[in-house]
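Worksheet: one structure, shown below.
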Protein chains: 2
Amino acid sequence: MGERSANTFVPGLEGVVAAETRLSKVDGANGELIVAGFPVEELASRATFEEVVYLLWHDTLPDRRQLGEFKKELAELRQPPAACLDLLRAAAAERVPAMEALRMAAGAATLDLATDDDHRAALALVARMPVIVGAYQRLLEGEEPVEPESGMGYAEGYMYALTGEEPAAEKARALETYLNTVADHGMNASTFAARVIISTRSDVVSAVTGAVGALKGPLHGGAPGPALDVVFEIGEKARAEPYLREKIEAGERLMGFGHRVYKVRDPRADVLAAAAERLYKEAGDTGLYELALHVEQTAIKLLEEYKPGRNLQTNVEFYTALLLHGIGLPTELFTPTFTVGRTAGWTAHCLEQRDLDRIIRPQSAYTGPENRRWVPLEER
Amino acid sequence: MGERSANTFVPGLEGVVAAETRLSKVDGANGELIVAGFPVEELASRATFEEVVYLLWHDTLPDRRQLGEFKKELAELRQPPAACLDLLRAAAAERVPAMEALRMAAGAATLDLATDDDHRAALALVARMPVIVGAYQRLLEGEEPVEPESGMGYAEGYMYALTGEEPAAEKARALETYLNTVADHGMNASTFAARVIISTRSDVVSAVTGAVGALKGPLHGGAPGPALDVVFEIGEKARAEPYLREKIEAGERLMGFGHRVYKVRDPRADVLAAAAERLYKEAGDTGLYELALHVEQTAIKLLEEYKPGRNLQTNVEFYTALLLHGIGLPTELFTPTFTVGRTAGWTAHCLEQRDLDRIIRPQSAYTGPENRRWVPLEER
């Protein structure tokens, strides 16, 4: 990119580097995502989520003793305070959308703890976010929240909070791979909101609450529901091509394809496609997986035919939807589940920004008039 | 300022213009603040707070009918939902600091309303913020919150929420002048956080909740408590000079003097000084006011003597503290009261950013390693 004057308005701050970070690198031109030094495909399907959180916070994988201690700390902090659950109950009575309830609950999630201990607040948020999501879903369904089981791993604990039952190992593993895949992703809008908030020497809970609020918006990305809806609507392989041709010729956008950053294949899509293949094979019913694969290949072929050279590739939403559906999560839990995973990155960015200890405070350019004079109410 | 490459890291985004706005202009070099076209000194002591909110949202002062309708809408929305008050009750039981409780309550303040109506959410936040502050202060003191009186003006209603009594007219007017003075102030960190959050097409409540979280941090500015503490410690005019000399010679910063933006006198300080003079004179006890004036003049004189050419001037905190103390607000309510006033600007920036409908999403520069390889737990 070229040079520009420091005091020029940069719409959307596009191209402006607002932070240096050791947490993740998004290389859209080459289709690479590095998470704390690891290519995402090296890390996501092997690590537990606790290892990824530890890695992001401490820049090293934990040894056996460190991991045991870390899992114990997280497990002990899982139960949200009663006031937080009461708030979810009130939100469920009003049928508040899940992301809004999650933002409210995140803000009240550490009411029982002093938030001037950044590290402990971060631990509590990571520990409690899945319990809050599970509790709210149960309340919406007219069920009571379940008490967390301290002996379970993170992904298992999330599914237990939703269902009250211990999940099948392959489903917990698939969920864990998903959470690892979305744990951090450069300077997206929610992560940036978190860094701006904590840059005033505010606290981790304030920052993560703001981040949930930003993630909630439909321009943020990471809302994978619609991608799978297309697969369901198509229903059988033979219908894929005529259906997709009709969509493209009508000028509709195909959900699940193309990404504002990745110009080649999103590396997270590969990780999630492999995890989905394993999950559906282990479950012994690969019908939906094969249909999705066929829809994807047909879409890629048709996009190249209709929009040659644009190189529109499958994005993370497509396989996210397939994977989360295979795990048994309903569509309305896709964005909350993304939130659970991204809490790892948000808290890590908070701790990093906190160490930097510099306020993020850009300028604005005034476009209004300057010399208005007061007119009393009677004369208006 | 000079030219620089678009992809250079700009620490703190200093000097980067992140938004165009018609809402306010901060001219630090000339000591000017324009609020929606009006010099702050033209507007602050004349307008009601409702007029300033209307002006910020609609870019024009309301006529009699518009103002009547606007005040009615605000008054009808004053009462926060029960779940929001329950949350404050739980926070008070834990002795949560006021700004943290305010952030929690802001997030739950519109639980009874659909938040996809931006304008109504903004109205509800402006209407309820002072009621929430008042309710929390009362709960901390072991009192029950009072029901809002729909017939009162905004500033009166705030004081009624705190005390349960109708305030003296001169105190309500002084408070209103303060709220108007701090209603908006360019692209500070909390306003920027609000704009980043709503830029994803999230909602006004998410954005304002994030802004409260940012304002809570001590680097944000606007925490006026310590400036008055100095005046109280000095206690009498004769002690001012030796006390301040000792502070300056010990290398301590004098709270209430100097501002990162204003290089000459902060124009808000003049407005608040005049309001404080009126208030203390009307109350018939000008002792503290005169002492504060003497402390200020002595401090300015000594700062010029010890730090010649730095031109350190009285900032907004000094007279804020004097004014809010005169109104009868305890120190711990100074930042919450600032929050009530700034909610006008936050909501206005949200509505402005929403119309722009462009995501704010800068980049980050990765500083970590790139090719770490997985090591199984047993081998670490």
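The values are calculated or read from the model by the stated rules, or taken from the named source; none is laboratory data. Not measured: the values here are computed from a predicted model. All Cβ positions, glycine included, derive from the backbone under ideal geometry; neighbour counts span all protein chains shown. Please note that ligands, DNA and RNA were not included when accessible areas were found on the heavy atoms of the full protein model with its side chains. Shrake-Rupley method; radii C 1.70, N 1.55, O 1.52, S 1.80 Å.
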Just the residues that are more than 13 Å from B:Glu370 (Cα to Cα) and surrounded by fewer than 17 Cβ atoms within 10 Å (Cβ to Cβ), please, taken from the range A:47-59.
A:His58
Candidate set: the range B:102-115, residues that are touching a residue at least 40 places away in the same chain (Cβ under 8 Å) and not charged (D, E, K, R); chosen: the one surrounded by the fewest Cβ atoms within 10 Å (Cβ to Cβ):
B:Thr115
Quick one: how many residues across the range B:60-71 are more than 7 Å from chain A (Cβ to nearest Cβ) and either open to solvent by 30 Å² or more (accessible area, probe 1.4 Å) or basic (Lys, Arg) (or both)?
6
I'd like to check something: does the range A:157-176 contain any residue that is in contact (Cβ under 8 Å) with a residue 12 or more places away in the chain, closer than 28 Å to B:Thr367 by Cα and buried (at least 24 other Cβ atoms within 10 Å of the Cβ)?
yes
Which number in (1) closer than 19 Å to B:Ala108 by Cβ; (2) surrounded by fewer than 24 Cβ atoms within 10 Å (Cβ to Cβ) marks the one condition that A:Ala207 misses?
(2)
Among helices (runs of 4 or more DSSP H) lying entirely in the range B:270-380, which contain 1 or more residues that are more than 14 Å from chain A (Cβ to nearest Cβ), open to solvent by 50 Å² or more (accessible area, probe 1.4 Å) and within 21 Å of B:Lys237 (Cα to Cα)?
B:287-306, B:316-327
What's the number of the only condition in (1) hydrophobic (A, V, I, L, M, F, W, C); (2) at pLDDT 95 or above; (3) open to solvent by less than 20 Å² (accessible area, probe 1.4 Å) that A:Ala93 fails to meet?
(3)
Any residue in the range A:218-238 that is loosely packed, with under 13 Cβ neighbours inside 10 Å, more than 10 Å from chain B (Cβ to nearest Cβ) and of a type in the set (Asp, Glu)?
yes
Candidate set: the range A:106-126, residues that are among the β-branched types (Val, Ile, Thr) and closer than 10 Å to A:Val205 by Cα; chosen: the one farthest from the other protein chains (Cβ to nearest Cβ)
A:Thr110
Any hit, the range A:89-103, residues being farther than 19 Å from A:Val340 by Cβ, assigned to a loop (DSSP other than H, G, I, E, B) and of a type in the set (Asp, Glu):
yes
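Checking the conditions here, which among A:Gly186, A:Gly213 is part of a loop (DSSP other than H, G, I, E, B), more than 20 Å from A:Leu324 (Cβ to Cβ) and open to solvent by less than 10 Å² (accessible area, probe 1.4 Å)? Walk me through how you get there before you give the answer.
Working: A:Gly213 fails: part of a loop (DSSP other than H, G, I, E, B).
Result of the check over A:Gly186, A:Gly213: A:Gly186.
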Could you check how many residues of the range B:11-37 are surrounded by 19 or more Cβ atoms within 10 Å (Cβ to Cβ) and over 22 Å from B:Gln313 (Cβ atoms)?
9
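Which strands (runs of 3 or more DSSP E) does the range B:1-66 wholly contain that include 3 or more residues that are touching a helix residue (DSSP H, G or I) at 6+ places or on another chain (Cβ under 9 Å)? Talk me through it step by step, then tell me what you get.
Values: elements: B:3-5, B:17-21, B:24-27, B:32-35.
The strands (runs of 3 or more DSSP E) meeting that bar are B:17-21, B:32-35.
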Of these, B:Met129, B:Met99, which one is within 14 Å of chain A (Cβ to nearest Cβ), open to solvent by less than 70 Å² (accessible area, probe 1.4 Å), within 23 Å of A:Gly213 (Cβ to Cβ) and not hydroxyl-bearing (Ser, Thr, Tyr)?
B:Met99
